[in-house]
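Below: the structure, in structure tokens.
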Amino acid sequence: MKQIKLSKIFFWLLLAVMTVIYLGPFLFSVSISFNAEGDVFSWPIKLLPEKWTLNNYKEAWEGLPFSTWLRNSAIITAVQTICNVFFASLAGFAFARLDFPGKNIIFSIFMASLMVPGIILLVPKFIILNEFGMINTYGGLIVPGLVSVVNIFLMKQFFETVPKDLEEAALIDGCSYFRIYWQIFLPVSKPALAAVAIYTFQGAWNEFMWPVIVSTTSDMFTLPVGMSFLKNEFSVNWPILMSGTIMISLPTLVIFLVFQRYFVEGVASSGLKE
Amino acid sequence: MSVFKSKRWEQARTAYLFIGFPVILFSIFTFIPIIFAFVISFFDWNLLIPDKVFIGLGNYIELFNDEVFLIAIKNTALYTVIVVPVQTILSLFLAFIMNQKLRGRTFFRTAFYIPAITSSVVTSIIFLWIYSKPGLLNYLLSLVGIEGTDWLTNPNTALFSIMALTIWSTSGYFMITFLAGLQNIPKSVYEAAAIDGASTWTQFWKITVPMVRPVTFFVVVLGLIGCFQVFDQIYVMSGGGPVNATTTMSYFVYNNSFKFFRLGYGAAGAIVLAIIIFIATWLQKKYFPSNPYQ
Amino acid sequence: MAKVELKHIKKVYDNKVTAIADANVVIEDKEFAVLVGPSGCGKSTMLRMIAGLEEISGGDLLIDGERVNDLSPKDRDIAMVFQNYALYPHMTVFDNMAFGLKLRKFPKDEIKKRVEHAAGILGLTDFLHRRPKAMSGGQRQRVAIGRAIVRQPKVFLFDEPLSNLDAKLRVQMRMEIKQLHKKLDATMIYVTHDQIEAMTMGNKIVVLKDGDVQQVDKPMTLYNDPANHFVGSFIGSPAMNFLKGNIEKSDRLYFKSDSISFSIPENIEEQVSTLAGKAVTLGFRPESIYDHDYEDRAQLTEKNAITIDVTEPVGAETFVYFTAGETELCMRSSSGLIYENNQEINIGFDVSRLYFFDPESGKRLV
């Protein structure tokens, strides 16, 4: 009995240490962001600020082009998320449910492209966008990410699980294929659509490499690009920097916490697999 | 025209309409660029110079005589060889724990997952601060009497510090992947093992590990592809320094293409990297198949 | 009037696989026709061709005298009930039923009237605002039937609608669908692999095997007068017994096999005489075997001694299994006699219930 207890204590201790390792850095940066003293590099380090303040957030918001970057990030993320959900579900429906000449070859090419490392696309994409005059524009930031093959694949996979009966019942009821997509398949695919939306949202919101290449002036920066720029330019004021990082992280965190529950419900209640 | 011919035609027309935009977008931003990348790599293609000169394999020859590129290959390989196994094992371990009956499971799962959903720039900035000379890490070390170093400006520790950050931030993501795989293992298999007298530890090694092998394969492939192309953390934390100690191949490609505007040279570097990734995943498929039992 | 006629209907799939070779079936107006056969026999394909979900490779399909090969499903004026219900999970019961009418631009009050009427017939009135997932299997199937009723189609098509329900519910729904047929007085075509379902529900049964129509008849005609070996074996439970043997002629005609022999009874002697000297497969139903020592009502063939292998008393009757040569045979005894394993008894066959089949083609000879 005693041995079981010991191993249990060890287990919970391990879990606690892991949790501190995974969450600690965030808590610590939250603590810095509320620190009223500009110089946080005093030794020894204080885990909690002696004087608390909200000024760092205010300064980050007002003193920096933070709101511009936020607007850019928001626009890019919103457009890419909506377009991905729409176009990926359309294409996924076509690949899963419609027959047309060239279907297999087109889909194979799509899938094969997933094997190609993104890094080799950077230079040619840049040159192509440069020809269109889209460098340092919303177009250049948004258009290449309007629909991703991974999302098309996800939607196709999901649509294939929808029973064929449902489609045939709709055909007998008198639906056109577009109506089958719009009125039958989309409404029953909420969990998959949510997954695509969440993944796209997170990917777009956190994307760094492409915007750092395409945006060249501060007014076109996204939040991550802006923050890395800040870090290079004014790496002295850590509290302000930290308050910025906290603000960037909040939307993804909130969305994750909210939709985590939605996910569980979605999976449990999708009464389709019968 | 029969109904089925017209129905087939209606289907095809609808389908082309549905896939039209994705296909166009894919062609412009993926298909054409893949081919274009090879073309560019044979040219001295500089954004600042209007003339594009065909130089054949010139860029490739230069690459393999470029000391920085060779260092970048070495750094990238080292980075991958360490990060992939550690993050895979750690995430499987976390998933195994999270798959147990456990009070507060949702909380712990969320805690481990948060680094994965946070912007790489944010985590890089936080760790920049943790790793600095008067930072959190050194403070904790000083509590147990160890004198730290300036982790990111010390060439001996810089790359390893970034590796640790990567492992920290991706293990939660792969934990979720493994967790999905673990939940597919029927409970009865564990129950049978328990009746046979297997301890939790034996169950982990003799049941969990072999049965999630397809997931492991997937995690390793994704890990390889991600590690070979590591960029964000390098850009934010070290800029490739000190003295190229953290210059990876993708950072090298970025620098040459978009800092020095030597697009042809950068494209060639990217293609070399892509070939390395292909070889690595091919080797993995050959020597570590996803399901050897079939 | 909704007569459905299949004239030389053919189905060949792209990969040159013939699913249905040449089907000719006429289903009269207001008839309840059941397509039955083992899986892969082409019964669902046939139904789906009638529905317009499957292309017809050759021949003519007439509904109400009009050739409908080239009409799409929605224009054929049919309604279909699917095996997995195929209810739209995101719509309420009302909307599920109303969907087809809405698409056909029916006025709102007419839709409401029809849906409520159908719901009344099916006992769904209290469930109209529920979603399918909040309902039981039987209720879902009723909704699926309701969706067909509101359309008031010329022909109802059912594709194994009861196979997802448990045994008790299946029996109940069987009755309900039959009563519905009476009430609606419409043409219905029903697919099933379950011969009991076929026998109890249909006015007309179409037995299919390997894409060929074996026999089209009323249920009891199929049972009493099977056209071939397959129909004999498929209809009835426990299945018809088959015994390989020869017709031999000496002083009179005899059926002879390894273990069982008897003289051909007079009532069929003339017909059987053409088979003299030939190999045949004898078919007889379990209830046509009697214990010769105790039976006096039916006219029986000569005694044959057998040893019982296993008995299965199921209450009102007892199934007695025994082996003749290498063939396992079954006798259904409802005489109330008690049999035991390894007991020796004398059996005889009801002379009016013997079937002779061609052992090669399976065709019924006598």
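The values are calculated or read from the model by the stated rules, or taken from the named source; none is laboratory data. Just so it is clear, the structure is predicted and the values come from calculations on it, not from any experiment. For neighbour counting, all protein chains shown are included, and Cβ atoms are generated from backbone atoms with ideal geometry for every residue, glycine included.
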Going through region C:217-238 in order, the residues found to be surrounded by fewer than 20 Cβ atoms within 10 Å (Cβ to Cβ) and in a loop (DSSP other than H, G, I, E, B) are C:Lys218, C:Asp225, C:Ala227, C:Gly236, C:Ser237, C:Pro238
Counted residues in region C:181-203 being closer than 13 Å to C:Glu31 by Cα and either touching a Phe, Trp or Tyr at 6+ places or on another chain (Cβ under 7 Å) or buried (at least 20 other Cβ atoms within 10 Å of the Cβ) (or both) come to 9
Discussion item. Yes or no: region C:28-44 includes at least one residue that is in contact (Cβ under 8 Å) with a residue 60 or more places away in the chain and in a helix (DSSP H, G or I).
Written reply: yes
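For every residue, the table says whether it meets (1) farther than 22 Å from A:Ser67 by Cβ; (2) not aromatic (Phe, Trp, Tyr).
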site: A:Phe185; (1), (2): yes, no
site: A:Thr200; (1), (2): yes, yes
site: A:Phe229; (1), (2): no, no
site: A:Glu233; (1), (2): no, yes
site: A:Ile240; (1), (2): no, yes
site: A:Phe259; (1), (2): yes, no
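Got at least one residue in region B:23-38 being among the hydrophobic types (A, V, I, L, M, F, W, C) and assigned to a strand (DSSP E or B)? Spell out the reasoning first.
Filtering region B:23-38 down to residues among the hydrophobic types (A, V, I, L, M, F, W, C) leaves B:23-26, B:28-29, B:31-32, B:34-38.
Narrowing the set further to residues that are assigned to a strand (DSSP E or B) leaves none.
The answer is no, given that none of the residues of region B:23-38 is among the hydrophobic types (A, V, I, L, M, F, W, C) and assigned to a strand (DSSP E or B).
Considering each of B:Phe160, B:Phe107, B:Phe96 in turn, give the residue that is surrounded by fewer than 18 Cβ atoms within 10 Å (Cβ to Cβ), of a type in the set (Phe, Trp, Tyr) and over 19 Å from the mean Cα position of the chain (by Cα). Walk me through it before giving the result.
Numbers: B:Phe160 fails: over 19 Å from the mean Cα position of the chain (by Cα); B:Phe96 fails: surrounded by fewer than 18 Cβ atoms within 10 Å (Cβ to Cβ).
Sole residue among the options that is surrounded by fewer than 18 Cβ atoms within 10 Å (Cβ to Cβ), of a type in the set (Phe, Trp, Tyr) and over 19 Å from the mean Cα position of the chain (by Cα): B:Phe107.
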Flagged in region C:336-362 as surrounded by fewer than 13 Cβ atoms within 10 Å (Cβ to Cβ) and under 29 Å from the mean Cα position of the chain (by Cα), in numbering order, are C:Ser352, C:Glu360, C:Ser361
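Have a look at C:Asp251, C:Asp309, C:Asp217, C:Asp296 and point out the one that is closer than 26 Å to C:Arg170 by Cα, charged (D, E, K, R) and free of Cβ contacts under 8 Å to residues at least 60 places away in the same chain.
C:Asp217
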Restricting region A:154-178 to residues that are touching a helix residue (DSSP H, G or I) at 6+ places or on another chain (Cβ under 7 Å) and more than 10 Å from chain C (Cβ to nearest Cβ), the one surrounded by the fewest Cβ atoms within 10 Å (Cβ to Cβ) turns out to be A:Glu160
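Out of all the residues in region B:143-168, which are in contact with a Phe, Trp or Tyr (Cβ under 9 Å, 6 or more places away or on another chain) and not hydrophobic (A, V, I, L, M, F, W, C)? If you could, list the steps in order and put the result at the bottom.
Of region B:143-168, the ones in contact with a Phe, Trp or Tyr (Cβ under 9 Å, 6 or more places away or on another chain) are B:148, B:150-152, B:157-166, B:168.
Within region B:143-168, B:Gly148, B:Asp150, B:Thr157, B:Ser161, B:Thr166 meet the criteria.
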By my count, strands (runs of 3 or more DSSP E) wholly in region C:76-193 with at least 2 residues that are over 18 Å from A:Ala169 (Cβ atoms) and touching a strand residue (DSSP E or B) at 6+ places or on another chain (Cβ under 6 Å) are C:187-192
If we ask which residues in region B:158-199 are farther than 18 Å from B:Leu90 by Cβ, among the β-branched types (Val, Ile, Thr) and assigned to a helix (DSSP H, G or I), their number turns out to be 2
Quick count over region A:100-117, residues being part of a loop (DSSP other than H, G, I, E, B), at pLDDT below 90 and within 7 Å of another protein chain (Cβ to nearest Cβ), is 2
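Take C:Lys112 and decide whether it is within 28 Å of the chain's Cα centre (by Cα), closer than 26 Å to C:Gln179 by Cα and among the basic types (Lys, Arg).
Values: within 28 Å of the chain's Cα centre (by Cα): no; closer than 26 Å to C:Gln179 by Cα: yes; among the basic types (Lys, Arg): yes.
In short, no.
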Cβ pairs under 7 Å, 6+ apart or interchain, first in region B:18-39 and in contact (Cβ under 8 Å) with a residue 12 or more places away in the chain, second of a type in the set (Val, Ile, Thr), ordered by first then second residue, are B:Ala37/A:Ile120; B:Ala37/A:Val123; B:Ala37/B:Ile271; B:Phe38/B:Ile271
Checked B:Ile195, B:Ile162 against criteria (in contact with a helix residue (DSSP H, G or I) (Cβ under 7 Å, 6 or more places away or on another chain) and at pLDDT 85 or above); the one match is B:Ile162
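Restricting the search to region B:130-144, which residues are in a loop (DSSP other than H, G, I, E, B) and either buried (at least 20 other Cβ atoms within 10 Å of the Cβ) or of a type in the set (Phe, Trp, Tyr) (or both)? Spell out how you get there, then give the answer.
In the first step, residues of region B:130-144 are kept if they are in a loop (DSSP other than H, G, I, E, B); the result is B:132-135, B:144.
If the condition is that a residue be in a loop (DSSP other than H, G, I, E, B) and either buried (at least 20 other Cβ atoms within 10 Å of the Cβ) or of a type in the set (Phe, Trp, Tyr) (or both), then B:Gly135 is the only one that fits.
For region A:215-260, how many residues meet the condition of being in a helix (DSSP H, G or I), more than 27 Å from A:Leu122 (Cβ to Cβ) and out of contact with any strand residue (DSSP E or B) (no Cβ under 6 Å at 6 or more places or on another chain)? Reasoning before the result, please.
To start, the set of residues in region A:215-260 that are in a helix (DSSP H, G or I) comprises A:218-220, A:223-233, A:238-260.
Then drop every residue that is not more than 27 Å from A:Leu122 (Cβ to Cβ), which leaves A:238-243, A:246-247, A:250, A:253-260.
Of the ones still in play, those that are also out of contact with any strand residue (DSSP E or B) (no Cβ under 6 Å at 6 or more places or on another chain) are A:238, A:240-243, A:246-247, A:250, A:253-260.
The total comes to 16.
Go through region B:47-129 and tell me which helices (runs of 4 or more DSSP H), entirely inside it, have 3 or more residues that are touching a residue at least 24 places away in the same chain (Cβ under 8 Å), touching a Cys at 6+ places or on another chain (Cβ under 8 Å) and more than 10 Å from chain A (Cβ to nearest Cβ).
Numbers: elements: B:58-65, B:67-98, B:105-117.
By residue number, B:67-98.
Among the residues in region B:238-256, are any hydrophobic (A, V, I, L, M, F, W, C) and farther than 18 Å from B:Leu70 by Cα?
Within region B:238-256, the subset hydrophobic (A, V, I, L, M, F, W, C) is B:243, B:245, B:249, B:252-253.
Cutting the leftovers down to farther than 18 Å from B:Leu70 by Cα gives us none.
Checked region B:238-256: no residue is hydrophobic (A, V, I, L, M, F, W, C) and farther than 18 Å from B:Leu70 by Cα.
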Just a yes or no: is a residue in region C:154-171 surrounded by 15 or more Cβ atoms within 10 Å (Cβ to Cβ), more than 26 Å from C:Pro38 (Cβ to Cβ) and touching a residue at least 24 places away in the same chain (Cβ under 8 Å)? yes
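Considering only region C:100-115, state which residues are crowded, with 23+ Cβ neighbours inside 10 Å and either at the interface with chain A (Cβ under 10 Å from one of its Cβ atoms) or polar (S, T, N, Q) (or both).
Start the filter on region C:100-115 by keeping residues that are crowded, with 23+ Cβ neighbours inside 10 Å, which leaves C:100, C:115.
The answer is C:Gly100, and nothing else.
Please find, within region C:245-266, the residue that is surrounded by the fewest Cβ atoms within 10 Å (Cβ to Cβ) out of those that are among the charged types (D, E, K, R) and outside any strand (DSSP E or B). Walk me through how you get there before you give the answer.
Within region C:245-266, the first condition is being among the charged types (D, E, K, R), and the residues that meet it are C:248-249, C:251-252, C:256, C:258, C:266.
After this cut, where a residue has to be outside any strand (DSSP E or B) as well, the list is C:251-252, C:258, C:266.
Values: C:Asp251: 6, C:Arg252: 11, C:Asp258: 12, C:Glu266: 11.
Here the residue is C:Asp251.
Conditions (1) of a type in the set (Asp, Glu); (2) under 23 Å from the mean Cα position of the chain (by Cα); (3) over 28 Å from C:Phe322 (Cβ atoms), marked per residue:
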| position | (1), (2), (3) |
| --- | --- |
| C:Ile205 | no, yes, yes |
| C:Asp217 | yes, yes, yes |
| C:His229 | no, yes, no |
| C:Ser233 | no, yes, no |
| C:Gly245 | no, no, no |
| C:Gly277 | no, no, yes |
| C:Asp291 | yes, no, no |
